[in-house]
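One structure below.
Taken together, the values in this text are just the output of simple stated rules run on the coordinates, not laboratory data. Not measured: the values here are computed from a predicted model. Here the Cβ positions follow ideal geometry from the backbone for every residue, glycine too, while neighbour counts run over all protein chains shown.
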Amino acid sequence: MFARVLYAINWFNISSIFYLILFDFKQDVSMLGLVTASFLVGIGIFQVPAGILAAKYNPKKIAVFGIMVLSVSSLLSGLATELIQIAFLRFLVGVGMAFFFGPSVILISAYLGKGSDGLGVGILNSAHSLGGIIGLFGWIVIAQTFGWRASLIISGILGVISGIFLIYGLKQKRQQRQRPKKDDDNRHPQHNLHDALKNLKPNRKDHEIQQSDFKIKLSDLKLVLINKQMIIVGLSLLGVQIGWNLVSTFIVLYLKNDLHLNPYFAGIVAGLAMVFNVVFAPIFGRIYDGTTKRHNSNLGLMLLIICGVVVSINIALISLENIYVIAASIIMIGIFISGGFVVPYTKAREIATIKLDQRHYETLAVSFVNGLSLFGAFWVPFVFSIIALHFGYPTAWLVGGFLTILFIIPIVKLAV
């Protein structure tokens, strides 16, 4: 959870301080489009490789590798001398996040237990939003006080620290597993018999042994990656990602440069989406879990459609250039974007484990739909920034709202 917060800080802080970077390098909003696009390419195309590696090896180690790569790359961004260097390093930040995300979803869900998949994703989204609040507002304060370079170096160092905590946790868990073995010979035979019967059930260590012996099969990969339902779920998530990325990336710059708000106040307004997402992500996760218990998966998909429509409308309302309307719209986006993320990730796991009977590939399923949504959205910041530059932000927000609902619509095929 701590690593997920730092993950989110290193995701969102660049957009909140970009007005300082643009001033330093004497560039316009189109450069924010380039930097964001390179990040989305990195996080998008490496989701599937990360999912395959997590299927073969320990997801915990893949998660540690990911958090370290993204943190070091963020740190180095503070030392960049050209914007093209920042764009390349943001690509590497995206690569690291790809390796962290999928395993984190599986680990939190396994910890909470069966029947709490939606809650697990909701909790992760809450941690993500908490990091987003800190990244959007807190990093404006840090950048204004110490400079944008120092702010990126600080976030990178904190990310490395979270990776060290994960490594320590791995070591501690390994020692806890080894400890009972040493005491086995000294225990009463009745206890040993009880343990022998208990161990007939597959435990976590057995799962790890099976995982190390697990062989990647191309036929199984095709079953997951070319599944029609999985692709439709990925497209719906693409619509959600488009809306969320546009709001989280451009809203601070829009409020400061177009509506001439104080940067601190702009950060507070932008952070409203994250604040409400922290609260409502677990709630939507529980709501989704409740729909699956009723043996009617269509209710969960209807929840996604409703959330997508609300988010799309409120992105379009940002075009009105009224700060009160914008604040209300951002709150609504923060609330309903929660369901927009919870449903696709959880649905992807369900398709892999229940419909396709490919439990080894549940991480791959989550990573695949996430990669499809992120890589599929890489061109949107380009288009948005160009429209904003030549036709104004109001037109750009209207287009953003339309694109959001456009990609969510295909999920209707699974709901009918």
Could you list Val105, Val369, Val48 in order of exposure, starting from the residue whose Cβ has the fewest other Cβ atoms within 10 Å? Val48, Val105, Val369
The residues Ile108, Ile283, sorted from fewest to most surrounding Cβ atoms within 10 Å, come out as Ile283, Ile108
Taking 18 Å as the cut-off for C-alpha to C-alpha distance, list the pairs among Lys26/Lys256; Lys61/Lys347; Lys222/Lys413; Lys228/Lys355; Lys60/Lys347; Lys347/Lys413 that go past it. Lys61/Lys347; Lys222/Lys413; Lys60/Lys347
Between the range 343-412 and the range 297-319, what is the C-alpha centre distance in whole Å? 13
Kindly rank 345-358, 237-250 from highest to lowest mean number of other beta carbons found within 10 Å of each residue. 237-250, 345-358
Candidates (1) 136, 58, 39; (2) 77, 50, 37; (3) 59, 47, 36; which is the computed Cα extents along the principal axes in Å? (2)
Assuming R0 = 45 Å, can you tell me the calculated FRET efficiency for the pair Gln175 and Asn298, based on Cβ-Cβ distance, to the nearest 0.05? 0.45
Likely footprinting exposure, Thr292, Thr363, Thr404, Thr81, fewest C-beta neighbours within 10 Å first: Thr81, Thr292, Thr363, Thr404
Per DSSP H run of n ≥ 4, the term is -39500 (n - 2.57); total these for the chain, divide by its residue number, and report the mean residue ellipticity at 222 nm rounded to 500 deg cm²/dmol. -28000 deg cm²/dmol
